[in-house]
Structure formats: structure tokens, C-alpha cells
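Here's the structure, in C-alpha cells; my notes come after.
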Amino acid sequence: MTAPATISPGLPVEVGEIEKQLGLLWEQSDAGKVRASLVNLVIYSEAPDAIAANTPLLAAIAADHAFRALLVQGNPAAETSAVRAWITAHCHLREAGQKEICSEQVTFQLDGPAAGRLPSIVFSHLDTDLPLYLWWQGALHGDPDPGFWTWVDRLIVDSKTWSDPARQFRLLHEIEAIGRGRCAVCDLTWTRLFHLRYALAQIFDLPAARERLLQLENVGIHHAPGHRITALELLGWLASRLRWTLELGSRGEPVFRRPDGETTRFRLNEQEDAASCLAVELGFRDATASVKRERGGEFYAVDFHVDGLPPFSQMAPAGREKTADILLSELSRSSRHPLFWPSIRAIEPLL
């Protein structure tokens, strides 16, 4: 999946003329194009390059998933209040001889106090009767507006970018509660871990590994700079699945207490040349297991060694890590992530 490095947000329009201008856009298009939409996808960001960075991303996603996108760049710190808007369409030919499928994109730049108009901007330009997926890029704001969050069907975030993850996860939990069961939370960092978690789980399909699972004594996770939250979420997944409880060890260091009363120690090792999670190492009394991936590699190398038995090795798919691919998997998903919050609670004091 590729997209141009830079794509224009489209035709500048007055905010009050957006729907009219979209209608004219389709009237003037050729007969070989058809508008389609499966979801309302709202992207909100306060990054200065939000429009330039996200427009090519939306163009790439439109090749596989139709939507109406509302791309909003907020700048609350601006001295003057202003609203600017653009419209465009991303069209892709799915099959030879068929019509091009087109997704609409409406882009807004909200400066100064106008940034507080996000809810009204969103609600005024949704494609009705379609689910609302909101990707909030960057840090969440405090004091969420209940009138806004109760309409969000899926809230997408990326905890990897958070400088204060403990506070951000608390806000995320508050927002989900405000949604009263409607708002499903998705962390792209958690989504990226799917194939690694699957590769780790495959180890314990082996009888020799499965019978040692509850006596796991050491966990080592090697990760790249900036991916500590990724490593913690993986550690939380292991802890929640195995019913470990975080506590302080004899030397004052954090350890996990297992159901058998023994402790499991862990270490997170940052490596400059690592992928998001380069390797996971598991230590038992008489066995070792590991899942490793070369930087840029397409597979995980899965190994298990136990004293007195032949070593076990196999390859497992690593999946794609591009943001467009990860986001596509969430746009196609209607269910929740049931293991996400138990995993976060398991490592919450470490955040």
C-alpha cells in the first residue's frame, strides 16, 4: 500500500457551504465514479503538520475501506479564532472495468477559541446512520465533554506517543465509562502486539512448555527507544493471563507474585537498534523460550529448549507495522479488545 508523499487537502470552501460543495463535486464528476462510505472516520490532531501527514494516510486507507473522513487540525494556542475548511475525494479502482470507489474527506483547521467547536464541527458533517470512529492523535484532554463522547462508537489512540501514560490511561477509562458501553476503546500500540502475542502463545501449544507455564520465573523484553509502553502492555498481557500480582520484592524492586506463591522477575531492556519489540525471553527452572524478530523482518523466530528434550524452533508471521495497515484492521473490526484493560491494570503502577 503506497500513497504520494504529499497530497493537497483539496478545494477551499466556506464552512456553511461544505455539503453544497460536496454535492457539486459529485455532480461534476464523471460517471465512472461512485461515492461510498462504511464509517465516519474523524481524525483530531494538534500537530502542526496534521493535515499534511494525515491526508496521504487517508488516501492510502481509502483503497481498501470506504469512509467519510473529517480531518481536524486544532490549534488552541492561536491568538485569533478562525475556521478554515477544504473538501476532496480519494478514488480507487477496485477491479478492471468497474467504477472507481470514492471516499470523501472534509478537512478543518480550527485556530484559537474555534478549537472548542470540535463537537459541533463533527456532528454537523457526519454521514448519518453510520458508526463514528474517532482517532485522537496525541494526548487526550482532561474533563471530557459527555455530550461528545456518548456518540463515539470507537475511540482510537496510540499510547506510544504519550509522555504521561498513567494520566492518559485514566482519562481513556473515564471516556469509555462516559460512553456507557457504546464507546469501544482501541490502542494502536495494543493492536501492533497481536502477532507477537500470538507467537508467544504458540510456544505453549507444546506439552513440555504448557506444563511449565505456571512456573515461569523470568521475563525479559527487549524494545526500541520510545517503545516502553509497548513492552509494558506485552508484560501486562502475560501477567493478566497468568494471574500474577505486582508487588515489591525483597530488594524493593517490582516483581510479580504467581498463584503458586512464588515470584516472577522481569526486565525491560531498551536497545538502540531494536524494532518496537525485538525479543522476548522466558526463563523456567529447566527450560528457556524466546521470540525474536530481526529489524524489518517479516517473521518471528520462536524457540523452546528444555533439558533432555530436542529443541523446538519454528517461524511465525510478524504482521505489518505500518500505521495505515494497523488502522485498517481497526476500521474493519466491530468487536472490543477484551484483554486490553486487564493487561493495563496488571502493570498500572509501572506506568
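The values are calculated or read from the model by the stated rules, or taken from the named source; none is laboratory data. Everything quoted here is computed from the prediction, not taken from an experiment. We place every Cβ from the backbone using ideal geometry, glycine too, and count neighbours over all the protein chains shown.
Looking across A177, A184, one residue alone is buried (at least 20 other Cβ atoms within 10 Å of the Cβ) and farther than 28 Å from R258 by Cβ. It is A184. Taken over the stretch 330-351, the criterion of being modelled with pLDDT of 90 or more and polar (S, T, N, Q) is satisfied by S343 alone. The residues of the stretch 23-65 that are small (G, A, S) and buried (at least 21 other Cβ atoms within 10 Å of the Cβ), listed by number, are A50, A59, A60, A62.
Of the listed requirements (1) at pLDDT 95 or above; (2) farther than 24 Å from W135 by Cα; (3) of a type in the set (A, V, I, L, M, F, W, C), I156 misses just one: (2). When the stretch 277-328 is examined, which residues are found to be within 24 Å of G236 (Cα to Cα), small (G, A, S), surrounded by fewer than 18 Cβ atoms within 10 Å (Cβ to Cβ) and under 28 Å from the mean Cα position of the chain (by Cα)? The answer is A301, and nothing else. Of all the criteria given as (1) touching a helix residue (DSSP H, G or I) at 6+ places or on another chain (Cβ under 8 Å); (2) modelled with pLDDT of 90 or more, the one not satisfied by C277 is (2).
Table: residues versus (1) modelled with pLDDT under 95; (2) over 25 Å from the mean Cα position of the chain (by Cα); (3) closer than 20 Å to L339 by Cα.
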position	(1), (2), (3)
E176	yes, no, yes
D187	no, no, yes
A224	yes, no, no
G236	no, no, yes
W244	no, yes, yes
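Among the residues of the stretch 157-174, those that are of a type in the set (G, A, S) and either in a helix (DSSP H, G or I) or more than 18 Å from the chain's Cα centre (by Cα) (or both) comprise S159, A166.
Quick grid of which residues meet (1) assigned to a helix (DSSP H, G or I); (2) modelled with pLDDT under 95; (3) within 24 Å of T128 (Cβ to Cβ):
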{"position": "P9", "(1), (2), (3)": "no, yes, yes"}
{"position": "Q21", "(1), (2), (3)": "yes, yes, yes"}
{"position": "E27", "(1), (2), (3)": "yes, yes, yes"}
{"position": "V34", "(1), (2), (3)": "no, yes, yes"}
{"position": "A47", "(1), (2), (3)": "no, no, no"}
{"position": "A60", "(1), (2), (3)": "yes, yes, no"}
{"position": "A63", "(1), (2), (3)": "no, yes, no"}
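Yes or no, residue by residue, for (1) more than 30 Å from R333 (Cα to Cα); (2) without any contact (Cβ under 8 Å) to a residue 60 or more places away in the chain; (3) in contact with an Asp or Glu (Cβ under 9 Å, 6 or more places away or on another chain); (4) hydroxyl-bearing (S, T, Y):
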position: L196; (1), (2), (3), (4): no, no, no, no
position: A199; (1), (2), (3), (4): no, no, no, no
position: L206; (1), (2), (3), (4): yes, no, no, no
position: L232; (1), (2), (3), (4): no, no, no, no
position: E253; (1), (2), (3), (4): yes, yes, no, no
position: F266; (1), (2), (3), (4): yes, yes, no, no
